[in-house]
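Peer 1: Below: one structure in structure tokens.
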Amino acid sequence: MTFVNPIINSLHKDNSVELVRYALHDPAKFKLVDPALAQHAPDPAAANLLIAAFEAGTAPAWLVAYLLGRIGADCGYATVRAIVLAALGQLAESYAAVAMVRIRGAQAFADLAELLNTAPQRASREAAANGLAEFGSAEAAEYILAAGRAQTIRLNIAGGLLGRLPCNQAQIAELLTSDQAAHVRLALIVVKAMALNHVSDSRPEQALIAALEQTLANPAIAMAPQTRRNLTRWIIRA
């Protein structure tokens, strides 16, 4: 592989440890090592270098989380899980939740579902939801929808994620006609995201169309005029 950056070219680009050292030296340039790390086999030595830097406080959590996910060595799993729970900000917990998936794949699902339900900080729960969304599955959508309905994560986070997942449209239709304002708001965020994403799995089913038509016709439901027009066009095209 050829790199356009001469500094990266000067590194042993097949050596994950050297690439990690470069990123640790200048975290702002982490994306320069990303393509090479993504092609390498999991390297415990490179992962342990990051873990040591994190534990010593010499590397930002977001960088450690991101690169551990790229490296994919299982020895980094406990650290990225701890970063999710620590909720240190700067996207660290979100990078860490995605890293959990990159490191363990399907084996991380149950762990992320547990964090979504039990993590004490909302930022951790929202990161777990983001990690679950990486699976792109209806099962992941069920967990995220339940968290959104319970408002243990913010409605805009839940709705935005659900809008790109194969969620249960009958349940979204039910929320649209709910007498609870938060449920209606959640459902509207979901359908707005569905309409924006334009993916085949997000085509509205008849029950959702009927519920959305009822909602759009209700003047008591606050909605930006452009949003109302976009949703109207979406169901007409369906």
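Peer 1: Please enumerate the residues belonging to region 123-136 that are at pLDDT 95 or above and outside any helix (DSSP H, G or I). If you could, list the steps in order and put the result at the bottom.
Peer 2: Restricting attention to region 123-136, the residues satisfying the condition of being at pLDDT 95 or above are 123-135.
Those that are at pLDDT 95 or above and outside any helix (DSSP H, G or I): E134, F135.
Peer 1: Okay, moving on. Which condition breaks for M100 when tested against (1) within 22 Å of L216 (Cβ to Cβ); (2) surrounded by 15 or more Cβ atoms within 10 Å (Cβ to Cβ)?
Peer 2: For M100, the exception is condition (1).
Peer 1: If you take the residues of region 16-27 that are closer than 13 Å to A59 by Cα and among the hydrophobic types (A, V, I, L, M, F, W, C), which of them is surrounded by the fewest Cβ atoms within 10 Å (Cβ to Cβ)?
Peer 2: L24
Peer 1: Go through (1) more than 25 Å from A138 (Cα to Cα); (2) in a helix (DSSP H, G or I); (3) over 28 Å from the mean Cα position of the chain (by Cα) and name the single condition E213 misses.
Peer 2: (1)
Peer 1: Out of all the residues in region 43-75, which are under 15 Å from R104 (Cα atoms), within 22 Å of the chain's Cα centre (by Cα) and outside any helix (DSSP H, G or I)?
Peer 2: G72, A73
Peer 1: Answer yes if at least one residue in region 138-145 is open to solvent by 50 Å² or more (accessible area, probe 1.4 Å), farther than 21 Å from L115 by Cα and not in a loop (DSSP other than H, G, I, E, B), and no otherwise.
Peer 2: Looking for residues that are open to solvent by 50 Å² or more (accessible area, probe 1.4 Å), farther than 21 Å from L115 by Cα and not in a loop (DSSP other than H, G, I, E, B), one finds none in region 138-145, hence no.
Peer 1: Moving on. Can you tell me which residue among T152, T177 is more than 30 Å from A86 (Cα to Cα) and in contact (Cβ under 8 Å) with a residue 24 or more places away in the chain?
Peer 2: T177
Peer 1: Those residues that are β-branched (V, I, T) and open to solvent by less than 50 Å² (accessible area, probe 1.4 Å), I need them from region 28-73; list them, please.
Peer 2: V33, I51, V64, I71 - these are the residues of region 28-73 that are β-branched (V, I, T) and open to solvent by less than 50 Å² (accessible area, probe 1.4 Å).
Peer 1: For region 108-137, which positions are of a type in the set (S, T, Y) and open to solvent by less than 40 Å² (accessible area, probe 1.4 Å)?
Peer 2: S124, S137
Peer 1: From the list G89, G105, which one is over 14 Å from the mean Cα position of the chain (by Cα), surrounded by fewer than 20 Cβ atoms within 10 Å (Cβ to Cβ), part of a helix (DSSP H, G or I) and at positive phi?
Peer 2: G105
The values are calculated or read from the model by the stated rules, or taken from the named source; none is laboratory data. Because the structure is a prediction, the values reported are computed rather than measured. Cβ atoms come from the backbone with ideal geometry, glycine included; neighbour counts cover every protein chain shown. Each accessible area value is taken on the protein alone, full model and side chains, heavy atoms only, with ligands, DNA and RNA left out. Shrake-Rupley method; radii C 1.70, N 1.55, O 1.52, S 1.80 Å.
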